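Peer 1: Take a look at the following structure, please.
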Amino acid sequence: MPRSAARERPTTEPPGGDIQVIARVVALLDCLDPDHTTLDTATTARVLGVGRSTAHRYLASLEKGGLLRRTDPTTYELGPVLARLGTLALSRLGVLEAARPIMRELVAEIRNTVVLSVWGGRAPVIAAVVPDTSRITTISVEIGRSLPPDAAQSRVFAAYLPTGRRVTRRRTADPAVQEVDGLLTARHTYEGGGFKTVAVPVLTADGEIVAALAAVGLSFYMPDEQDDALAARLVAASRRITVEH
């Protein structure tokens, strides 16, 4: 797992047990980003400059505290405590409070799960989820999850960041991004074709993007020929959020 030299070693640490532990935990968590979503024993030992047994104890302690979650015997990802704290931080953005009732109405209308993502500094992060429970199969989306570059929400942010205005060049370069009712929207079908996402931006009155609103569901319930109609419903909902924000 490649790392820059600055991230290969922990930050300067003052002497002292508890403070040193905090500095080391921060150094470890700073290694996580959308391209590197897990930590393993070897990486932890290298970043902290400790042996593998000490690295394993750090990871096990972080798992016990809920900061990490083990995915296999030597690999860990963000745990429920960090996801909850991240969501609390994101909830301070007024857009979440304004979006939730509109998201619930939209789920009842389109019968698909609706999610809201905000910019996490390097990638969109899932901040709110309203699942559709009207069908036998329910789509589950994890709050606090960073999205990959090919996700529909990521494509929407790419079309509006960093200036907060429409970027025509990016729109024409990405066939997944199209204009619907004056807003750039994106759609993405995941590998294998089983799942699909259609996303639209949530903009301020000045045209700056503050979030991405998306419908997520089985491709069977989101046929391609209905994409434009679905995107139009999402656009209408996103504009309601903008007005109330």
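Peer 1: Tabulate in residue order the Karplus-calculated ³J(HN,Hα) for region 48-60, using 6.51 cos²θ - 1.76 cosθ + 1.60 with θ = phi - 60°, rounded to whole Hz; enter x for Gly and Pro.
Peer 2: 8, x, 10, x, 5, 5, 5, 4, 4, 5, 4, 5, 5
Peer 1: Another question, if that's okay. Grab the Cα-Cα distance for Glu109 and Glu142, subtract it from 0.36 nm times how many residues apart they are, and report the gain in nm with one decimal.
Peer 2: Result for the pair: 9.7 nm of gain on full extension.
Peer 1: At 7 Å along the Cα-to-beta-carbon direction for both Val50 and Ala176, put a label point, then send me their distance in nm to one decimal.
Peer 2: Taking the two extended label points, one gets 3.9 nm.
Peer 1: Also: In nm, to one decimal, how far is the modelled label at Val26 from the one at Glu97, with both set 7 Å along Cα→Cβ?
Peer 2: Each label point is offset 7 Å from its Cα along the Cβ direction, giving 3.0 nm.
Peer 1: While we're on this one: Give the peptides 136-143, 44-51, 69-76 in descending order of average Cβ contacts within 10 Å, highest first.
Peer 2: 44-51, 69-76, 136-143
The numbers here are math on the coordinates, done by the rules we state, and not lab data. All values reported here derive from a predicted model rather than from experimental measurement. Glycine also receives a Cβ, built like all others from the backbone with ideal geometry; neighbour counts cover every protein chain displayed.
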